[in-house]
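*Asks:* The structure is given below, and queries will be raised subsequently.
Throughout, read-outs are computed from the coordinates displayed, never taken from laboratory work. From a predicted model like this one, the values you see are computed outputs, not experimental measurements. Using ideal geometry, Cβ is built from the backbone for each residue, glycine included, and neighbour counts are taken over all protein chains shown.
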Amino acid sequence: MNKQKYLYLASGVVLFCAVFFFGRTNPPKKKMPAVAMQQGMQPPKLTTQDVLTTAKKNLTADEIQQITQLENSVVRGDVQNQQRKVYAQLATFWNDKKNRPDISAYYTGQEGLLDNSEKELTFAAQMLLTGVLVSDSDPAMQTWLATNAKTFFDKAIELNPDNDSSKIGLGACYMFGNIAENPMQGILPVREIAEKHPENVFAQKILGLGGIKSGQYENAVKRFQAVLKINPNDMEALLNLAETYDRMGEKAEAIKWYKTILPKINIPEAKKEIQDRIQILQQ
């Protein structure tokens, strides 16, 4: 299953089940490398042209012609307005026809830069950040996504300095996108928001995911439990809490939370996978 596809397309319970279950091919690791250990390990550089060139290999001859005409259509006159329309058309093409929401988000963000539109910029940035969080098997792609998301978050914050969600998203880019030598550059502002507004679910979740990434599982548990105090049915927090206990080797707690999740799942494949995981833990 394509985790990135499910994450972008699904919603509600379906979204979080898809992220958690279809993204797995192996049981949770008992220990993950600390963030500090990953410093200095830079993935290969991936440019936007690289991403587009690879994506275009899956296009038909007619589609290549259509895209080429769009890309070369801005030549004179009201260039900015023409470019804005082209970006919108390219975003629609890649999202609707080719199921590439990451490329679509890139073009939406470019349109947002031209429009100075906080709405377009934050939408594009959040979509790209979603890709960052599920692209850990492809560090180069993860960095490309995070780099562009950062550009859009930066501009959105410039337009609206009081938007905590954009600040958290920017911090997450630093934490998970391989774009900072020191991931604390991203953690500190997110932690500051969480301390000032403990009810901010987005901040708590990002810090929880950061705890998993760095192997600080006790901290991750605290963050996901904080979310569940606010919303006991938050599926993402439930799934991440269960997995965190699983990674810690706390079988009883992992089973408890997996069983809590089971009746909330309507996806047969996801339900079966979690049942299988419970059976393994019970052995």
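*Asks:* Between the DSSP loop rule and a limit of at most 11 other Cβ atoms within 10 Å, which GluC sites (Glu not before Pro) in region 94-158 are left?
*Replies:* none
*Asks:* Ranked by Cβ crowding within 10 angstrom, fewest neighbours first, how are THR151, THR92, THR143 ordered?
*Replies:* Listing THR151, THR92, THR143 from fewest to most nearby Cβ atoms yields THR92, THR151, THR143.
*Asks:* Can you list, largest first and rounded to whole Å, the semi-axes you get for region 45-182 by taking the square root of 5 times each eigenvalue of its Cα gyration tensor?
*Replies:* 25, 20, 11
*Asks:* How many lysine pairs are close in region 45-182, with Cα atoms under 12 Å apart and the two 8 or more places apart or on different chains?
*Replies:* Number of lysine pairs found: 5.
*Asks:* Loop only per DSSP, at most 16 neighbouring Cβ atoms within 10 Å: give me the trypsin sites (Lys or Arg not before Pro) in region 227-263, ordered by residue number.
*Replies:* Listed in order of number, the matching sites amount to none.
*Asks:* Relative contact order of region 45-182, please, whole-number percent, based on alpha carbon pairs below 8 angstrom and at least 6 residues apart.
*Replies:* 19 percent
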